[in-house]
Structures are given as C-alpha cells and as structure tokens.
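Q: One structure follows; several queries about it will come next.
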Amino acid sequence: MKTILSFLLLSCSLHLYALDWYDMDLEQTVTLEKTIEFTQENITLKPGDTMKVWDVIDLGFNVLVYQFEMQNCPGPDIKTSMIIVNPNDKVENDPSVGVQIQETCLLEVFVEAKDVFSKSLFK
C-alpha cells in the first residue's frame with residue numbers, strides 16, 4: 001500500500017515541474033510556464049496557457065521543431081517573427097530556443113539537438 005501511495009504522489013508531483021523537451025509525447029496537453037512576448041505583433045502568451053503537442057520535426061541539422069496547437073489562439077491568421085527565449089534563466093550554458101507562431105495557431109519552438117534533455121517552456 002505504501003508503494004502505491006508513493007508512486008501516486010510521485011506521479012502527481014512530476015506534473016508540477018517543467019518538462020524536459022524529450023519528455024513530451026504527441027497529443028500531450030502541456031501548460032506554458034513562462035511569459036512569451038511577441039512585441040512586434042503585440043501578442044503575449046502567459047503562464048497557464050495550455051497547448052497540445054502537435055508534432056516534432058527533425059530538420060536534419062541538429063535542430064528539432066516542436067509544434068504545439070494553441071488552445072487560446074489569438075486568431076487563425078496570426079503569424080509572428082521568431083524570437084529567442086531562454087526556458088531557464090539560471091542556466092549558464094544558455095539553452096535558448098527560437099519561438100514563433102505560424103498560421104493556423106501552431107506555436108513552433110526550435111530546439112538544438114544538444115538541448116533536448118534541458119528544461120522546456122512547459123510543464
């Protein structure tokens with residue numbers, strides 16, 4: 001009984017912390033942990049915004065694109081320029097990612113292959 005209770009507590013607590021990029025599964029619903037501001041387009045994504053992992057694409061030159069279907073889409077024809085975001089401001093090796101919104105409400109996050117085991121923008 002203690003083992004089952006410990007497992008359940010561990011499982012629940014894992015969802016409170018940021019996911020690493022490699023921890024994400026297709027169709028998984030994730031929650032944004034950090035504010036992302038597209039100042040040129042006057043669009044702000046806020047912590048707590050939920051998205052569904054749509055696809056992960058290997059671009060073939062040590063970059064993966066994580067695509068997320070935005071649940072609270074600012075508009076179906078919205079498209080932004082790419083901005084650079086650091087998921088973890090306290091890390092010295094700077095695992096920054098490129099972030100942009102594509103038409104049809106897809107948030108795209110460009111992650112270097114060397115950073116897939118680092119903290120993502122989501123929990």
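Q: Name the single residue that is farthest from the chain's Cα centre (by Cα) among those in region 81-123 being in a strand (DSSP E or B) and closer than 15 Å to residue 44 by Cβ. Don't jump to the end; show me each part of the working.
A: Narrowing region 81-123 to residues in a strand (DSSP E or B): 83-85, 97-102, 106-112, 119, 122.
Within this subset, residues satisfying the condition of being closer than 15 Å to residue 44 by Cβ are 83, 85, 99-101, 107.
Values: 83: 14, 85: 11, 99: 9, 100: 11, 101: 12, 107: 9 Å.
Looking at the filtered set, the residue picked out is 83.
Q: Of all residues in region 94-123, which are touching a residue at least 60 places away in the same chain (Cβ under 8 Å) and more than 19 Å from residue 48 (Cα to Cα)?
A: Listed by number, the residues that qualify are 111, 115, 116, 117, 118.
Q: Considering only residues that are over 11 Å from the mean Cα position of the chain (by Cα) and not in a loop (DSSP other than H, G, I, E, B), which ones fall in region 34-53?
A: Listed by number, the residues that qualify are 37, 38, 43, 44, 45.
Q: Still on this model: Only residues in region 42-64 that are over 23 Å from residue 117 (Cα atoms) and charged (D, E, K, R) count as the first member; pair them with residues that are assigned to a loop (DSSP other than H, G, I, E, B) and open to solvent by 60 Å² or more (accessible area, probe 1.4 Å), Cβ under 7 angstrom, at least 6 apart or cross-chain, and list the lot.
A: Going by the 7 Å Cβ cut-off, the qualifying pairs are 46/35.
Q: Taking residue 78 and the conditions (1) in a strand (DSSP E or B); (2) touching a residue at least 24 places away in the same chain (Cβ under 8 Å); (3) of a type in the set (A, V, I, L, M), which numbered condition does it fall short on, given that it satisfies the others?
A: (1)
Q: Residue by residue through region 24-53, note down the ones that are surrounded by 12 or more Cβ atoms within 10 Å (Cβ to Cβ) and among the aliphatic types (A, V, I, L, M).
A: Scanning region 24-53 gives 24, 30, 32, 36, 43, 45, 51, 53.
Q: May I pose another question? Pick from region 63-101 the residues that are over 12 Å from residue 38 (Cβ atoms) and of a type in the set (S, T, N, Q): which of them is surrounded by the fewest Cβ atoms within 10 Å (Cβ to Cβ)?
A: 93
Q: What is the one condition in (1) in contact with a Lys or Arg (Cβ under 9 Å, 6 or more places away or on another chain); (2) at pLDDT 95 or above that residue 54 does not satisfy?
A: Result: residue 54 passes all but (1).
The values are calculated or read from the model by the stated rules, or taken from the named source; none is laboratory data. Keep in mind the model is a prediction, meaning the values are calculated, not measured. Glycine gets a Cβ as well: all are built from the backbone with ideal geometry, and neighbour counts include every protein chain shown. When the accessible area is computed, the model is the full protein with side chains, heavy atoms only, and any ligands, DNA or RNA have been set aside. Shrake-Rupley method; radii C 1.70, N 1.55, O 1.52, S 1.80 Å.
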